[in-house]
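Here the structure is laid out as structure tokens; the discussion comes afterwards.
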Amino acid sequence: MQFKRFGLMLAAATFAVGAFADAANVLVSFSTKADYYADGTPVLDGEWYALCWAKDRKFDGITLDCKPVNANPDQERILLMAPLAKGGRCPFVVFQIDSAVAPSDGRYFVYLLDTRDATGTSVAEAGENDDGERVPMSSINGAAVTKGYTASTSAGKNKARAVAVTSGVWADSEVVDAEPPRITAFKVEDAKVKITVAGMLPGVKYNISMGASPSSMTEYGLNVPKTVNDDPVFEIDQGDAKFFQVVRQPLEKKVNTTSAE
């Protein structure tokens with residue numbers, strides 16, 4: 001499916017959130033008052049939103065490379081993505097879907113994405129993939145649904161109506177068919193713990209969780225997460241920690257950008 005068959009229109013005026021259609025296509029209007037990342041930070045200008053669809057009305061989530069977790073296009077689709085955020089919110093926008101490919105059943109969802117870099121100060125730039133689709137040119141950290149719409153099942157009435165959904169609940173992007181990273185070497189040197197890691201994935205933000213016991217690994221060794229493009233040796237202050245694990249940077253944890261190089 002090509003995103004070229006979809007489009008969007010931005011309007012200066014703000015209207016009630018809803019959905020409507022004409023004979024040619026499905027139009028889903030959308031706006032928000034205020035959006036926040038999982039760590040409580042207001043959404044940055046240029047952050048991405050995605051219009052998704054699920055036949056069973058339960059969208060299974062988005063992968064690291066911004067594809068549906070359920071890869072069956074008859075069951076789930078990402079119809080359109082765009083960097084719409086401005087002033088901490090999504091201004092009024094109309095998602096326009098060609099009636100020839102617009103689902104007439106199931107449910108549409110609008111997701112807010114987190115495409116911030118490791119410092120949390122900038123978001124993914126727009127680019128095109130091999131199919132000519134407009135996509136964020138970096139990995140997706142996580143996503144949260146902000147609005148839901150139920151599609152009409154009436155023939156010839158390509159309509160969708162706004163419905164209540166559980167919004168603002170963030171989930172990590174799904175990593176498909178990949179083994180988790182593993183620690184391959186560990187040593188203490190000059191009051192520092194040096195941990196060598198293998199199996200890190202491109203674009204993923206990693207941190208070291210640590211604690212005095214396996215059940216209390218709630219501290220994190222790095223203020224700014226590492227990615228696969230960095231040196232794969234993590235160097236951290238041990239403190240009282242005796243147990244360590246390589247994990248993805250928690251979406252809800254703010255990063256200290258003052259330590260960024």
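On the Cα set of segment 182-251, report Rg and Dmax in Å, please.
Radius of gyration, then largest Cα-Cα span, for segment 182-251: 11.3, 31 Å.
If the only charges are +1 at each Lys and Arg Cβ and -1 at each Asp and Glu Cβ, what is the size of the charge dipole of segment 182-251 around the Cα centre, to the nearest 20 debye?
In total the dipole reaches around 280 debye.
Can you list, largest first and rounded to whole Å, the semi-axes you get for segment 116-255 by taking the square root of 5 times each eigenvalue of its Cα gyration tensor?
So the equivalent ellipsoid measures 39, 18, 13 Å along its semi-axes.
Which of the peptides 108-115, 228-235 is most tightly packed, and how do the rest follow, going by the mean number of other Cβ atoms within 10 Å of each residue?
Numbers: 108-115: 25.1, 228-235: 14.5.
Going from most to least packed, we get 108-115, 228-235.
With label points built 7 Å along Cα→Cβ from the Cα atoms of Lys194 and Val101, find their separation and express it in nm.
Distance between the two pseudo-spin positions: 5.2 nm.
Any read-out appearing in this document is the output of simple, stated calculations on the displayed coordinates, not a laboratory observation. Everything numeric here is computed off the predicted structure, so don't read it as measured data. No Cβ is skipped: glycine too gets one built from the backbone with ideal geometry, and neighbour counts run over all protein chains shown.
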